[in-house]
Amino acid sequence: MKYAVSSMEMKICDRNTSERFGIEPMVLMERAALSVCDEIDKWRDSLELTRHLNVAVFAGVGNNGGDGVAIARLLKQRGYYVNLCVVGDPVKSSDLFLKQLDIASKYDISQGTFSNIRDNKTATGFDIIVDAMFGIGLSRPVTGTNLEAVSFINDLKKEQGKDLLVISVDIPSGISADNGQVLGDAVRADKTVTFNQVKLGQILYPGCEYMGELVVADVGITSESFMGKEPLAFFYDGNALELIPERKRDSNKGTNGKVLIIAGSRNISGACILAASAALKAGAGMVRVFTAIENAEVVKALLPEAILDTYEDFEPVRDKLKAAFDWSSQAVIGPGIGTEGKGVELVTAVLEDYDKPLVMDADALNIIAEDEELRKKAANYATGSKKLILTPHMGEFARLKKCSIGQCKVNLLSYPGELAGDLHATVICKDARSIVADSNEKKIYINISGNDGMATAGSGDVLSGITGALIGLSMSGFETAIAAAYIHGCAGDIAAADHGRYSMIASDIVGALSKVLE
């Protein structure tokens, strides 16, 4: 797992590195500048050019600008033609920025103004632009000359395309490091070199789309500088199999999980097929589908591996469910069951009579969002060894949280934890960046696998099936939800590569699970 830090967490870490461990800020700044220059050298070397390259360094007047001035000096010493452009109010200059300017002047690094570069852009012919105007401390919209400079860089990139490298220092200017929001406008970088820790705004939307290639450079700010107070958020980008226990060689279909899928209704058959097939592909030993009798033939035809139980609309389901409850080791309820009549009856029976790990999705979530008594039963479900995982998309989450979708998006890093606490459960809040929170954990997980092709009907049913398969393993609810969200996204990425983001469908995600877990 890797940290995703806020601007305040990073500033405290920086300060501890200097004040507690004695590494001077100028040393860190020099290392940061060297790491950016090394990335620029790699790009130059990949072009196999013999001529000197022309660089424009846009430096703000804060510490990020200090990095930029140091980069300008080092690049000139490496043989680049460098144009240093200071953008910002000199009165607001930081001490480190002024120190770097003083050093640069001794190496005959001259500085120009934005107007000089803007008015002579056609004659200058830049190969590389270094964006060092704003770092991770930006919290207000970019305005004035800074905004003009951002637009200038983006316009130049549009004109020159691949012939121009735009590289941002720590974070593209105009992006909030805390939430990824675009503050007025922002530089669209080809590459961003950040230092030691990934920032929240670099993996959250829309900021992540402005990063280009994100390079995390080691400049000497280590995890010890957190002084035992670890950051709130983390993410994962490794091998999916490392998130789940190794499958036992002597296991059998009974010991690998018997998953009960309570899904579908008289007019909806696809939900139970997708959830059940995903559970099987995610490693469940056996799957039992409990659905409306109208779905019997399609389940038999498309999912011969599943056991099938059906109910008719006129008959009570509680007695029929008892045998399925006794058989199963874990269950999923919700996809396509409807929010009235049988749907309410099914959710009530599960919350009152079931006593094993449970995943609630889709209509089951909408039902408890509207029924206060059932909501209380859900909040009291996860007692003893029982686990409860909720997998709401943003609309369902808003209903559970009793707020607008807009409010949920603004509070994406805090609301899932609050809802998890209210319902004593684990929550996977599904969005472009899904957030996993747990009532017993102080941390949150940000899932970075997946793509916009997964915004397709049935994708959530696939996640509920994967989660249902994993919830019976020897992991906490938090660990289970993290693994399920990541595996789901990885399968979506493979499906997008195989079928295209526009054309992929939910069953393609199911089909890709075998490649994720091979």
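What follows is calculated from the coordinates using simple rules that are stated; it is not laboratory data. Note that this is a predicted model, so its numbers are computed, not measured. Note that each Cβ is placed from the backbone with ideal geometry, even for glycine, and that neighbours are counted across all protein chains shown.
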Practice item. Could you grab the relative contact order for region 332-516? Cα pairs under 8 Å, six or more apart, rounded to a whole percent. Key: 18
Revision key, fill the gap. Relative contact order in percent for region 1-91 (Cα pairs under 8 Å, 6+ apart) equals 27
Check your understanding: What order do you get for CYS208, CYS272, CYS13 when you list them from fewest to most C-beta neighbours inside 10 Å?
Key -> CYS208, CYS13, CYS272
Point to revise | Compactness of region 2-235 - radius of gyration and Dmax, Cα, Å | key: 16.6, 53
Exercise for review: Work out which chymotrypsin sites (Phe, Trp or Tyr not before Pro) in the chain are exposed loop sites (DSSP not H, G, I, E or B, at most 11 other Cβ within 10 Å) and give the longest gap free of them.
Suggested key: 108-313
**Study point:** Positive-end extreme of charge dipole, region 332-516 - chosen from THR456, PRO335, ALA481 (charges on Cβ)
**Key:** ALA481
Check your understanding: Taking the alpha-carbon centroid of each part, what is the distance from region 467-503 to region 421-464 in angstrom?
Key -> 10
**Study point:** Euclidean distance between Cα centres, region 348-363 to region 389-417, Å
**Key:** 21
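Suppose every Lys and Arg Cβ carries +1 and every Asp and Glu Cβ carries -1, with no other charges. What dipole size does the chain come out with about its Cα centre, to the nearest 20 debye?
Here the chain has a charge dipole of around 520 debye.
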Revision key, fill the gap. Measuring from the longest principal axis of the C-alpha atoms of the chain, the long axis of helix 95-106 (C-alpha) lies at a number of degrees, nearest 10, equal to 40
Check your understanding: Going toward the positive end of the dipole of region 344-442, with +1 on Lys and Arg Cβ and -1 on Asp and Glu Cβ, which of SER434, SER404, THR383 do you reach last?
Key -> SER434
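Given N residues in region 374-466, what is Rg(Cα) / (2.2 N^0.38 Å)? Could you put the intermediate results ahead of the total?
Numbers: Rg = 13.0 Å, N = 93, 2.2 N^0.38 = 12.3 Å.
Expressed relative to 2.2 N^0.38 Å, the Cα Rg reads 1.05.
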Check your understanding: Once amide H atoms are placed 1.01 Å from N in the peptide plane, what residues at a sequence separation of 5 or more from VAL5, or on another chain, have their amide H within under 5 Å of its amide H?
Key -> VAL198, LYS199, LEU200
Exercise for review: If a/c stays under 1.5 just call it rounded; otherwise compare a/b with b/c (prolate if a/b is bigger, oblate if not). Do that for region 406-518, with a ≥ b ≥ c from the square roots of the Cα gyration tensor eigenvalues.
Suggested key: oblate
Check your understanding: Helix 270-281: angle to the longest alpha-carbon principal axis of the chain, degrees 0 to 90, nearest 10?
Key -> 80
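Just the ratio, please: alpha-carbon radius of gyration of the chain over 2.2 N^0.38 Å, N its number of residues. List each step's numbers first, then the result.
On the way: Rg = 26.9 Å, N = 518, 2.2 N^0.38 = 23.7 Å.
So the Cα radius of gyration is 1.14 times the expected 2.2 N^0.38 Å.
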**Study point:** DSSP bridge orientation in the chain - percent antiparallel, rounded to nearest 5
**Key:** 15
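Per the Kirkwood treatment, what hydrodynamic radius in Å, one decimal, follows for region 1-92 from the mean inverse distance over all distinct Cα pairs? Each step should come with its number before you reach the end.
Numbers: mean 1/r = 0.0667 Å⁻¹.
Averaging 1/r across every pair of different Cα atoms and inverting gives 15.0 Å.
Would you please classify the overall shape of region 271-338 from the alpha carbon gyration tensor, given that a ≥ b ≥ c denote the square roots of the eigenvalues, rounded means a/c under 1.5, and beyond that prolate means a/b larger than b/c while oblate covers the rest? If you can, show how the numbers build up before the last one.
Numbers: a/c = 1.73, a/b = 1.26, b/c = 1.38.
Oblate, since a/c reaches 1.5 and b/c is not below a/b.
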Practice item. Pop out the ³J(HN,Hα) list for region 304-321 in order, Karplus 6.51 cos²θ - 1.76 cosθ + 1.60 with θ = phi - 60°, rounded to Hz; leave Gly and Pro as x. Key: x, 6, 8, 7, 10, 10, 10, 9, 9, 4, 8, 9, x, 9, 4, 5, 5, 5
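Taking every DSSP beta bridge that has both residues in region 2-235, what percent is antiparallel when rounded to the nearest 5? Let's see the in-between values first.
Values: 4 of 31 bridges.
In region 2-235, DSSP labels about 15 percent of beta bridges as antiparallel.
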Review point. Whose amide H sits under 5 Å from the amide H of VAL332, counting only residues 5 or more places off or on another chain, with H placed in the peptide plane?
Key: LEU260, ILE261, ILE262, VAL359
Review point. With charges only on Cβ, +1 for K and R and -1 for D and E, what is the dipole size of region 332-516 about its Cα centre, in debye, rounded to 20?
Key: 460
Study note, to complete from the structure: Here the relative contact order (percent) of the chain, from C-alpha pairs under 8 Å and at least 6 apart, is 12
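Which of the trypsin sites (Lys or Arg not before Pro) found in region 52-136 are in a DSSP loop and have at most 16 neighbouring Cβ atoms, other than their own, within 10 Å? Walk me through the numbers on the way to the answer.
On the way: sites: ARG73, LYS76, ARG78, LYS92, LYS99, LYS106, ARG118, LYS121; in loops: ARG78.
Filter output for region 52-136: ARG78.
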Practice item. May I ask for the distance between the Cα centers of region 307-332 and region 11-41, given as a whole number of Å? Key: 61
Exercise for review: Sort VAL516, VAL5 so the one with the fewest other Cβ atoms within 10 Å of its own Cβ comes first.
Suggested key: VAL516, VAL5
Practice item. Could you run the Karplus curve 6.51 cos²θ - 1.76 cosθ + 1.60 with θ = phi - 60° over region 49-66 and give me ³J(HN,Hα) per residue in whole Hz, x for Gly and Pro? Key: 8, 9, 7, 6, 9, 9, 10, 10, 9, 9, 10, x, 9, x, 5, 5, x, x
**Study point:** Cα pair count fraction exceeding 29 Å, expressed as % - region 332-516
**Key:** 16
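222 nm [θ] for the chain, helices only, -39500 (n - 2.57) per DSSP H run of 4+, per residue, to 500?
Numbers: 20 runs with 220 residues, N = 518.
It comes out at -13000 deg cm²/dmol, rounded to the nearest 500.
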**Study point:** Model label zone, GLU209; criterion: amide N under 15 Å from point 7 Å along Cα-to-beta-carbon; scope region 502-518
**Key:** 502
Revision key, fill the gap. Most exposed first, judged by fewest Cβ atoms within 10 angstrom, MET360, MET26, MET286, MET8 run MET8, MET26, MET286, MET360
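Given just the C-alpha atoms of region 116-218, how large is their convex hull per residue in cubic angstrom? Display every interim value, and only then the final one.
Details: hull volume 9.3 nm³, N = 103.
Cα convex hull per residue, to the nearest whole number: 91 Å³.
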